[in-house]
Amino acid sequence: MTSPFSLSRFWAMVLKEFVQMRRDRLTFGMMVGIPLLQLILFGFAINSDPKHLPAAVVNADPGPFSRNLVSGLQNSGYFDIRGGGGTPAQVRRLLDLGQVQFVLSIPSDFSSRLLRGERPEVLLEADATDPAATGNAIAALQQLAEIAVARDLTGPLSRLRRDEPPFELRIHRCYNPEAVTQYNIVPGLMGVVLTMTLVIITALAITRERERGTMENLLATPLRPAEVMLGKIVPYILVGYVQISLILVAARYLFDVPLLGSLMLLYAVSLVFIAANLAVGLTFSTLARNQLQAVQMAFFFFLPSILLSGFMFPFRGMPGWAQGVGEVLPLTHFLRLVRGILLKGNGPAECLPHLWPITLFLAVMLAVGLKRYRKTLD
Amino acid sequence: MTDAGLAIDVEGITKRYGSHTVVNRVGLQVRRGEIYGFLGPNGSGKTTFLRMLCGLLTPDAGSGRCLGYDLLREAGRIKSRVGYMTQKFSHYEDLSIEENLDFIARVYGVADRPAVVRRCLEQLGLTDRRKQLAGELSGGWKQRLALAASLLHNPELLLLDEPTAGVDPKARRDFWEEVHRLAAGGITVLLTTHYMDEAERCHRLAYLAYGDLLASGTPAELVRTSGLRTWRVEGTGAAALVSRLRQLPGANQVVPFGNVLHVSGTDAARLEASLTGLNLAGLHVAPAETGLEDVFIHLMERSRDNFGGKERAS
Ligand SMILES: Nc1ncnc2c1ncn2[C@@H]1O[C@H](COP(=O)(O)OP(=O)(O)O)[C@@H](O)[C@H]1O
Ligand SMILES: [Mg+2]
């Protein structure tokens, strides 16, 4: 008579949620707005071609080659050379203070050694705390510097033009030797956006019913807990897919992130991740007494997710306990999945080891949520 | 085992919140097709009791059957046969009238849903406004929508929690016509109310105070078993006499109704003697029918005496 799960009751719930979602402009705006906002904000950090980075030059060489090298850098537009006078220690201090991002040190015998064909060293110290910003400038510098100097090696000096550059550029990445590449960020952002918005939205789902008094009506109907929970999850899975698509389009066309693997596979594995986040939110929703508590719980879940998943800090650099916590979180595994698929072109076989922990998490969360969902008002 | 003619047959239903017993060993028998009124002061446990009947709350003690199904073990079956109208509007304010009805119809698995919803809108007279959000409706219309929604799935039992609170007299009369029509069609109605005129329209009544069921029966039975006899004291200046009349030996209570005072007591002979001994000029004293209101006030006063006994003693 009253079946444990009725498709039509479940569908009634889904339809209702869709209509309410459409009416709730603020939440709807948040679901589209947050991914866009984050993309734009993070967009500066992952700008693949940042220009006018402040740099200082310690030029001890009075010769023509060093001057040309410096003006060549200046003209490239990548470096905004400021200061320069002062002792090496003073200039180095600018780097410490973060007033410049690069210090280029040219030794006094640069021109003379270059002429002797001895490949003099030029030292570039880079503030790599923001590796995404410095990485590309360094790459650009290497080429530009060679071209700038090589241009002067004409006539009798053309013998100095060899296959290898006429001088050696030494690079010290200061503060953050393990350079995280920009490509990590956009795929990571996908997981972060999904975690942030989906957990909060569903955390409010049942608390809102309770606060508005509609729970009393809902509980008086033959609706079963599973129908209510799944009915509230399904519409937001679609929302998650819209968010993923937004980010993928931005990744491809705004930030030139390579999309090597199968997008189908990405969408498929995302389903589990999205559902896991929604289940977390729903479980919070059954635990929270009011909407504020629900949002707080969502925040407490969000923090470790963003800090311990490998989004912010390299996962392998974290202490053991933090890695342990990280391994439990769906975001950790999703980051590996997305990076694997998008950047390495991973296939289903490589995805499996990261997929089952999320699936397990989802199952446990759903079970807790269903158990906690009170069939009565007690 | 159970009487097939009973829609509700429960015994010893108890609900506690912490140390506070909100519903205290309440038993209730309601016949099929009957309109049963539930009265009692605010906070006496009426809503809590209704919620236990439709499976929204689990009783801490007690047992019984609702529509022939076990109250504790067959809540699912009961839910699909009961229409429950909550005290506070609990449909979705951000859904339209039609969407709310459609949702309820789907959830109850109503056959021929579009037609049922359309007919319901017609009967409500809301066909033109069906796209309006439920939250924009006035209190009276919300009430009507809620009643209509609770009827969509043709329930056998209607539980209506203060269905006419804050509703204008015309809408109230329409509502009662509808309730009587439904009862005539075989639906059992259990409702709570604070209005005496509504109590008189019920087939039978129960009076609940601070969790205890103090009395139940037909209106006439309640009057008879209360043992109250009532006199009316009429005339200009009667209102000024309230406190004096309350001191009279044998007068349990004095209730003003405009220029008329109802003086009631359980010891009829003593009260009559006191009243005739008063001999007040310009005032007319005559025996009157004891009304339900007199009975309920009497019940409430008595239970307050018991309930607040300690307070009084101090
Ligand atoms: N969830 C609850 N927790 C604690 N006390 C409650 C709860 N629900 C109701 N009560 C108390 O139970 C008593 C009866 O409430 P209720 O059934 O709403 O009375 P009525 O409907 O007759 O006005 C009140 O004193 C109320 O404060
Ligand atoms: Mg109430």
Within the stretch B:49-62, how many residues are within 13 Å of ligand 1 (Cβ to nearest atom), surrounded by fewer than 22 Cβ atoms within 10 Å (Cβ to Cβ) and of a type outside the set (D, E, K, R)? 2
Where the second residue is in a loop (DSSP other than H, G, I, E, B) and open to solvent by 70 Å² or more (accessible area, probe 1.4 Å) and the first is more than 23 Å from A:ALA56 (Cα to Cα) and lies in the stretch A:108-124, which pairs have Cβ atoms under 9 Å and are six or more apart or on separate chains? A:GLY117/A:ARG162
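Going by the structure shown, is B:GLY76 modelled with pLDDT under 95, away from ligand 1 (no atom under 13 Å from the Cβ) and open to solvent by less than 20 Å² (accessible area, probe 1.4 Å)?
On the way: modelled with pLDDT under 95: yes; away from ligand 1 (no atom under 13 Å from the Cβ): yes; open to solvent by less than 20 Å² (accessible area, probe 1.4 Å): no.
When the stated conditions are applied, B:GLY76 does not pass them.
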Please work out if B:ALA105 is open to solvent by less than 30 Å² (accessible area, probe 1.4 Å) and either at pLDDT 95 or above or among the small types (Gly, Ala, Ser) (or both). yes
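Each row is one residue, and each column tells you yes or no for (1) among the hydrophobic types (A, V, I, L, M, F, W, C); (2) closer than 24 Å to B:ARG181 by Cβ; (3) in contact with a strand residue (DSSP E or B) (Cβ under 8 Å, 6 or more places away or on another chain); (4) within 11 Å of another protein chain (Cβ to nearest Cβ).
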{"residue": "B:TYR36", "(1), (2), (3), (4)": "no, yes, yes, no"}
{"residue": "B:ASN42", "(1), (2), (3), (4)": "no, no, no, no"}
{"residue": "B:GLY45", "(1), (2), (3), (4)": "no, no, yes, no"}
{"residue": "B:ARG51", "(1), (2), (3), (4)": "no, no, no, yes"}
{"residue": "B:ARG77", "(1), (2), (3), (4)": "no, no, yes, yes"}
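Quick check on B:ALA165: is it more than 14 Å from chain A (Cβ to nearest Cβ) and either within 16 Å of ligand 1 (Cβ to nearest atom) or of a type in the set (Ser, Thr, Tyr) (or both)? Give the steps one after another, and end with the answer.
Numbers: more than 14 Å from chain A (Cβ to nearest Cβ): yes; either within 16 Å of ligand 1 (Cβ to nearest atom) or of a type in the set (Ser, Thr, Tyr) (or both): yes.
For B:ALA165, the condition - more than 14 Å from chain A (Cβ to nearest Cβ) and either within 16 Å of ligand 1 (Cβ to nearest atom) or of a type in the set (Ser, Thr, Tyr) (or both) - is met.
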Of the conditions (1) within 16 Å of ligand 1 (Cβ to nearest atom); (2) in contact (Cβ under 8 Å) with a residue 60 or more places away in the chain; (3) not polar (S, T, N, Q), B:ARG65 fails just one. Which one is it? (1)
Could you please find all residues in the stretch B:2-21 being surrounded by fewer than 20 Cβ atoms within 10 Å (Cβ to Cβ), touching a residue at least 60 places away in the same chain (Cβ under 8 Å) and closer than 17 Å to B:GLY211 by Cα? B:THR21
Among B:LEU137, B:LEU159, which is the only one that is within 14 Å of another protein chain (Cβ to nearest Cβ) and among the hydrophobic types (A, V, I, L, M, F, W, C)? B:LEU159
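How many residues does the stretch B:227-242 hold that are polar (S, T, N, Q) and over 17 Å from B:ARG270 (Cα atoms)? Steps first, please.
Within the stretch B:227-242, the first condition is being polar (S, T, N, Q), and the residues that meet it are B:230, B:236.
Applying the additional criterion that residues be over 17 Å from B:ARG270 (Cα atoms) yields B:236.
Residues in the stretch B:227-242 being polar (S, T, N, Q) and over 17 Å from B:ARG270 (Cα atoms): 1 in total.
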Pairs please, first residue from the stretch B:40-51 and under 16 Å from B:CYS66 (Cβ atoms), second anywhere and open to solvent by 30 Å² or more (accessible area, probe 1.4 Å) and more than 8 Å from ligand 2 (Cβ to nearest atom), Cβ atoms under 8 Å, 6+ apart in sequence or on different chains. B:ARG51/A:LEU377
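Could you please find all residues in the stretch B:134-146 being within 24 Å of B:ARG118 (Cβ to Cβ) and either within 16 Å of ligand 2 (Cβ to nearest atom) or open to solvent by 20 Å² or more (accessible area, probe 1.4 Å) (or both)?
B:GLY135, B:GLU136, B:SER138, B:GLY140, B:TRP141, B:LYS142, B:GLN143, B:ARG144, B:ALA146
How about the stretch B:134-162: which of its residues are in a loop (DSSP other than H, G, I, E, B) and of a type in the set (S, T, N, Q)?
Of all residues in the stretch B:134-162, those in a loop (DSSP other than H, G, I, E, B) come to B:137-138, B:152-156, B:161-162.
Across the stretch B:134-162, the qualifying residues are B:SER138, B:ASN154.
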Where in the stretch B:24-133 are there helices (runs of 4 or more DSSP H), lying fully within it, with 3 or more residues that are under 17 Å from A:LEU219 (Cα atoms) and away from ligand 2 (no atom under 16 Å from the Cβ)? B:75-81, B:97-107
Take A:ALA268 and decide whether it is open to solvent by 40 Å² or more (accessible area, probe 1.4 Å) and part of a helix (DSSP H, G or I). yes
State yes or no: is A:GLY281 more than 14 Å from chain B (Cβ to nearest Cβ) and either open to solvent by less than 30 Å² (accessible area, probe 1.4 Å) or touching a Phe, Trp or Tyr at 6+ places or on another chain (Cβ under 7 Å) (or both)? yes
Restricting the stretch A:354-378 to residues that are at pLDDT 90 or above and open to solvent by 70 Å² or more (accessible area, probe 1.4 Å), the one nearest to the other protein chains (Cβ to nearest Cβ) turns out to be A:VAL364
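The values are calculated or read from the model by the stated rules, or taken from the named source; none is laboratory data. Computed from a predicted model, the values in this text were never measured in an experiment. Don't worry about glycine lacking a Cβ; one is built from the backbone with ideal geometry, like all the others, and counts go over all protein chains shown. Keep in mind that these areas ignore ligands, DNA and RNA; they rest on the heavy atoms of the full protein, side chains included. Shrake-Rupley method; radii C 1.70, N 1.55, O 1.52, S 1.80 Å.
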